[in-house]
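Contents: one structure, followed by commentary.
The values are calculated or read from the model by the stated rules, or taken from the named source; none is laboratory data. Predicted, not measured: the structure shown is a model, and the values here were computed from it. So basically every Cβ, Gly included, is an ideal-geometry build from the backbone, and we count neighbours across all protein chains shown.
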Amino acid sequence: MDKGTIIGVSAGFGLIMVSMIMGGGIAPFIDIPSLVMVIGGTIAATFVNFPFEDVVGLVKVTQKTLREETMTPKKYIQQIVGISKKARTNGLLAIEEDLEKVDQDFMKVTLQHVVNGTEPDDLSNIMQAELAIMAERHKMGQKIYMAMGTYCPAFGMVGTLIGLIFMLQNLSDPSSVGPGMAMAMLTTFYGSLFSNLLFIPLSGKLKLRSEKEIQFKEMLLMGILSVQAEESPRVIQNKLQSYINPTERGLLSEKGEEA
């Protein structure tokens, strides 16, 4: 699981619980009906707003978002440069035997197109279309999370209004006003908490992960198109180095020279 997400969520809930304990205890902040109102209402509104398949598919998107990042540009730059050397020496068909060593699906499919003789323009269009579809799929996940972040506080207010109505019906008993008001405010608390600590941050994380993944795959596509054009391995490496930070570029150059 992504360390940043674990640290952020744990720290957020932890600090809030510490504040509760210092203020008198956690028990006053636990109310199951309020929690059901906020979470249940948010999920219900999400199903109303978005297609059923997209909401259900959010589970897979979430799992992908919470996993540790596995994109390692340096590794694949070195692999592409190695493939380019072989292609220049033995021809493009010679790289077919290296396909089994490629553990990145997008890169593997793109190289297979090269081996199959797909024209460069067609190859670029095919893979760019795949990236565009992936980006739209990720955008849907972002929209759902952002919508849930909007619904949560709204249902918190709905729960508060329901609590206030019950409280106003019992104004004849002054001793019930304070506890009733506190209970009514809990739904607003839950709505703000889940919105700002879970749903909106997850939407932002999914956006960043999507941008990084698209940039990474664009790098792979550029490298493979350069291999197909039989460009110099050194030129290809210099092109792809623009996708990584300057410190890693130096280390990559040293490894390339050693190889």
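Data overview
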| quantity | calculated |
| --- | --- |
| Residue list for region 1-24, filter: loosely packed, with under 13 Cβ neighbours inside 10 Å and part of a loop (DSSP other than H, G, I, E, B) | M1, G24 |
| Listing of helices (runs of 4 or more DSSP H) fully contained in region 42-142 that carry 1 or more residues being over 28 Å from V9 (Cα atoms) | 73-90, 105-115 |
| Close pairs from region 161-174: first of a type in the set (G, A, S), partner assigned to a helix (DSSP H, G or I), Cβ under 7 Å, at least 6 apart | G163/G180; G163/M183; G163/A184; G163/T187 |
| Residue selected from region 4-59 under the condition under 26 Å from the mean Cα position of the chain (by Cα) and among the charged types (D, E, K, R), by the criterion nearest to F189 (Cα to Cα) | D54 |
| Only one of V102, V61, V114 that is at pLDDT below 90, under 16 Å from L221 (Cα atoms) and in contact with a helix residue (DSSP H, G or I) (Cβ under 6 Å, 6 or more places away or on another chain) | V102 |
| Residue satisfying condition, being surrounded by fewer than 15 Cβ atoms within 10 Å (Cβ to Cβ), over 30 Å from I95 (Cα atoms) and within 22 Å of the chain's Cα centre (by Cα), within set L197, L202, L208 | L208 |
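Yes or no, residue by residue, for (1) in the same structural domain as Q79 (by TED's automatic domain parsing); (2) of a type outside the set (A, V, I, L, M); (3) within 30 Å of P33 (Cβ to Cβ):
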site	(1), (2), (3)
I144	yes, no, yes
V158	yes, no, yes
S172	yes, yes, yes
S192	yes, yes, yes
L220	yes, no, no
E230	yes, yes, no
I236	yes, no, no
